[in-house]
Amino acid sequence: MISVKNITKSYGELDVISDLSFEIEGGILGIAAPKGSGKTSLLNIICGVTPADSGEILVDGLDVW
């Protein structure tokens, strides 16, 4: 299970992700949104490539960071 809790991410003055929370319990998930809406930033945060400004990512109960 992947738990995303209260994630925020900004680049300077631009808020890309603001207080996002959700859980994924397996299966296949698609993310569709307009260009520049934070899809890649979200995936990079979940994978541990880019740190979030605040919030928590848990994969099977373990903190990614």
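A short reminder: the numbers here are calculations on the coordinates, not readings from a lab. These numbers were taken from a predicted model, which means no experiment stands behind them. Here the Cβ is made from the backbone with ideal geometry for all residues, glycine too, and neighbour counts use every protein chain on show.
Among the residues of the stretch 1-47, those identified as over 17 Å from Leu58 (Cβ atoms), out of contact with any Ser or Thr (no Cβ under 6 Å at 6 or more places or on another chain), assigned to a strand (DSSP E or B) and not aliphatic (A, V, I, L, M) are Ser10, Tyr11, Asp15.
Filter the stretch 18-55 down to the residues that are among the β-branched types (Val, Ile, Thr) and surrounded by 12 or more Cβ atoms within 10 Å (Cβ to Cβ), then identify the one that is farthest from the chain's Cα centre (by Cα). Of everything passing the filter in the stretch 18-55, Ile24 is farthest from the chain's Cα centre (by Cα).
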